[in-house]
Amino acid sequence: MLLYKAFFKIVKKNLPMILMYVSIILMITLISKVSLEKSAEERRALKYDIIVENKDDSEISKELCTYLSKIHNVTDKKLTRDQIKEKIFYEEILSYIVIPKGFGDSFETDGDLKPESLYDENMPVGMSVNMQINTWLNSVKNYQKLGLSLKESVEKCDETLNPDSYVHLETSKKNEKSLTESVFNYLPYGILSAILLSILPVFSSFNEEKKNQRILAAGLPATKRNLYFALASISLAMILLIVFDAIGSIAGGPEIMFTKTWWFVILNTLCYVICASLLALMISNIFNLNNTGVSIVTNIVGLGFSFLGGTFVPLEYLGDEAKIIGKFTPNYWYSTANDYIFQGKNMSNILLCFGLQLIIGVALFCVGLTVAKVRKKA
Amino acid sequence: MEEIVRVNNLVKRYKDLIALDNFSFSIKKGEIFGLLGPNGSGKSTTINCILSLLTYDKGEVYLFGEKMNVNRNDIKKRIGLIGQNVAVFNELSVYENIDFFCGLYINDKATRRKYVEDALEFTGLNDYRKKSPKKLSGGLIRRLNIACGIAHKPELIIFDEPTVAVDPQSRNNILEGIKDLNKNGATVIYTSHYMEEVEEICSRILIMDKGHEICQGTADELKGQIKNTENVILNVKYIDESDLEGLKKIHHVYSVKYADKVLTIRFSGGKHNISHVLDYISEHSINYERIYSELPTLNDVFLEITGKELRD
C-alpha cells in the first residue's frame, strides 16, 4: 500500500490543477444550462399585451376573450381612438381588438361581421394576433360543422391550438436532452486533462533514474510495483469518472438517470477514461517530464484531441482532413458514440465506437511499452 | 571476521568498452571500505553490479555469504544505497520521504515510525520534518538523501560519491555521519575520487582504474608500497630547464615536476630534504613565494603505479 499511498500523495499535490479542469466542465455545464433556459424563456415570452373591447355579449365572443387571455396578456377596456393610437405608438399594447355587437349572430349565420384589430402596420407581429383570432374562429366553426357543440369545439381548439402548452412541452423536452448531450460531449476535455495532470507527474517522478534505482535496490519486485501503480491508476481513473459523470448526470436531471441512454453514456465515458489512462501511461513511458512539461503536454494533447475529435466543435462542422486525423483520436469515437446514443441509433454502431476507443488506448499503450523496452535495451 | 561482500572476477562490458576487467575484492564486517579511482574507473559500475542493478558478463557476487542476484530481495533489504545524486520526492515532505523509502524495507508501521524518527534524529532533520525538499538547502537535502538510505538500519551501506558538489561543511557532516554509522555496526562501502576523504574515513582502500585493481590495503600500507617518502613543493614563477635538471641531482630526488607555477620535488628516503632544496635554490638565486614539505598521499600512490594523476 506504500506505493499506492505515495501515488495519491503526489496526485494530491496537483489537486488544484485537476480541480481547475473539473471547474471548467462545471462552468461549461452552467453556461449551457443558463443559455438553454434563456432561449426557452424567450420562446415562452411571446405573450403580448393586448386590449379587447367586447361589445357583444354572445357565448362565442366570451370564449374568444377567454382564448385570447390564455395566449396573451389581455385587458378588457374601452378606449377612445386617440388613446388607442397613443398606446400602440408607445408600444404599451400590441393591438386593440374590438368585438363588434352582433358578432355572435353573424358567426352562427356565417356572416361577414368579424372582430376588428387595430395595430401598428409597421410592426408585422401585430398581424399575428389577427391570424390567431381567425385561426381560432375557423377551427371552432369547423368543429361545429362536425357536429360538436360550441363548448366542445372550444375545448378541442384549446387542445390543438394552445401554443404555450404545446410548444413549451416540446421545447422543454428537447432542452433537457440537448443539455445532457452537450455536457457529456464536453466531458472528454476535462477527463483527459485531469488524467494527464494526475498520472503524468506521478510516473515522471517515479521514473526518474536515480529514484528508480533506489527503489529497485530496495528489493521491491517490479511486478508488485506495477501492480500497485495499476491499482492506483485505476482508482484514480474511477474517481475522475464518477466526478465527471456526476456533473453530466446532474445537468441532465433525474429524468435521464438510470435510463438506457444514461447507461450507454456512462459506458462511453468509461471507455474514454480507460483510453485516456492508457494514453497517459504511454506518454509517461516515452517522456520523462517535469512540471512544465506536464502542463505543456496536457494542454497540447487535451486541446488538440478535443478540437480534432469533435469535443468542442460538432463533428459535422469539421473539415474532411480534420476528420481523417480526428479518427485517430479517442475523442472522435467518443463524440460519435455520444451522437449515436442520443440519436437512438442501433447498439452495434455504439458498441463499435466503444471498441475503437479501447483499441486506440491499447495501441497507444503498446507503443509506449515498445519505446520503453527499446530505450532500456539501449 | 565475517565476510560481508565478496566479488569474484567480475567482468562487465559495454560493447567494446571493458568497464570491469576480472575485478575481485572482499569486505569484512565492520569495515569502511574505500573504492578509490578516477572518474570512469568503474566504481559505480561495481556498485551497480553488486546490487544487481546491472547485469554483468562474468563473475560472482556474494553478499552476507550468499550469492547475489536480481531476485534476492531478502539480501537487498539488508543494504542501504546513497548515491551521488539526490533521489527524493519533491512532492513529499521530509518525513514522508524517509517514511516512503524506509517502507520499501520495513512493513511494520510501529517499527517504521521509530526508524524514521531515529533517521531524523541522526541526520539532524527533526526541525524540517514537515518541509518540502524543495525548500531545503543543498546541505540539508544531502542529509535527507542519506536519511532515506539509512532509515531501515541496513547492515551494509553503500555511499556512491556522496560528497560530489557538496560544500566543505556539509562534506564534513556527511563524513562524520558515516563514521557514526560504522560505529553503530554498519559495514560501509565508500566510493569517491576524493583521496583525502577516503584516507580520512576508510579502514581499507582499494584503488582502481580502467576496471581493475591497482592496489589495496590501509592508507599506510598503500603508501608503504611506493618509493616516495616525501614531497617538497615550491611556488615558483619561473625556473630554467637547467635548474630542473640540477634539482634532480639532489640526493634521494627521483622526480621533479614543474606545472602551473608549482614545482614538486619527490624524494625516496633521506632526511632534511627541504634543507637541501633550500640550499640549491639560494645558490642558484631561484625566486620562490612559498616552500613546504608533505608526506606522500594516495594520489602519489596512484601516480607512481599508473603514471597519471588520480584527478586526471
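The values are calculated or read from the model by the stated rules, or taken from the named source; none is laboratory data. Every value quoted in this text rests on a predicted model; they were computed, and no experiment measured them. Here the Cβ positions follow ideal geometry from the backbone for every residue, glycine too, while neighbour counts run over all protein chains shown. SASA here: full protein model, heavy atoms, side chains in, ligands and nucleic acids out. Shrake-Rupley method; radii C 1.70, N 1.55, O 1.52, S 1.80 Å.
Roughly how tilted is helix B:138-150, in degrees to the nearest 10 and between 0 and 90, from the longest Cα axis of chain B? Computed tilt is about 60 degrees. Find, to one decimal place in angstroms, the Kirkwood hydrodynamic radius of the stretch B:263-312, where the mean of 1/r is taken over every pair of different Cα atoms and then inverted. Final number for the Kirkwood radius of the stretch B:263-312 is 12.7 Å.
Taking the centroid of alpha carbons for each part, the stretch B:136-203 and the stretch A:200-219 are 22 Å apart.
Out of all Cα-Cα pairs in the stretch A:46-161, roughly what percent, to the nearest whole number, are more than 20 Å apart?
The share of Cα pairs beyond 20 Å in the stretch A:46-161 comes to 40 percent.
Please figure out what share of the DSSP beta bridges in chain A is antiparallel and state it in percent, rounded to the nearest 5. So the antiparallel bridges in chain A amount to around 30 percent. Per residue, the Cα convex hull of chain A amounts to 198 Å³. With protein chains left intact and a 1.4 Å probe, residues in the stretch B:68-177 average 42 Å² of accessible area per residue.
Comparing each chain alone with all protein chains together (probe 1.4 Å, DNA, RNA and ligands left out), the residues of the stretch B:67-90 losing at least 30 Å² of accessible area are B:N73, B:K76, B:L81, B:N85, B:A87, B:F89. Computed over the stretch B:3-224, relative contact order equals 30 percent, with contacts defined as Cα pairs under 8 Å that lie 6+ residues apart. Helix A:260-286 and the longest principal axis of the Cα set of chain A meet at an angle near 30°.
Here the dipole of chain A is about 3500 debye; that uses its Cα centre as origin and unit charges on the Cβ of Lys and Arg (positive) and Asp and Glu (negative). Taking amide H as placed 1.01 Å from N in the peptide plane, the amide H of A:G310 sits under 5 Å from none that are at least 5 places away or on another chain. Using the rule -39500 (n - 2.57) for each DSSP H run of four or more residues, divided by the residues of chain A, the 222 nm mean residue ellipticity is -26000 deg cm²/dmol.
The mean accessible area for residues of the stretch A:46-161, using a 1.4 Å probe and ignoring ligands and nucleic acids, is 60 Å² per residue. Residues of the stretch A:1-27 buried by at least 40 Å² of accessible area upon assembly of all protein chains, compared with the chain on its own (1.4 Å probe): A:L2, A:K9, A:I10, A:K13. Computed from protein heavy atoms with a 1.4 Å probe, the total accessible area buried between A and B is close to 2100 Å². Put simply, the Cα atoms of the stretch B:1-63 extend 39, 23, 18 Å along their principal axes, the longest span coming first.
Percent of alpha carbon pairs in the protein assembly as shown separated by more than 34 Å? Here the long-distance tail beyond 34 Å is 66 percent of all Cα pairs in the protein assembly as shown. Here the accessible area of the protein assembly as shown is 55 percent carbon and sulfur, with a 1.4 angstrom probe and all protein chains present. Only the Cβ atoms of Lys and Arg (+1) and of Asp and Glu (-1) were treated as charged; on that basis the dipole of the stretch B:1-147 about its Cα centre amounts to roughly 280 debye. If you take the Cα centroid of the stretch B:220-267 and the Cα centroid of the stretch A:328-378, the two points sit 74 Å apart.
Panel values: the stretch B:3-224, Kirkwood radius from alpha carbon pairs, Stokes-Einstein at 20 °C and 1.002 mPa s, translational diffusion coefficient 120 µm²/s.
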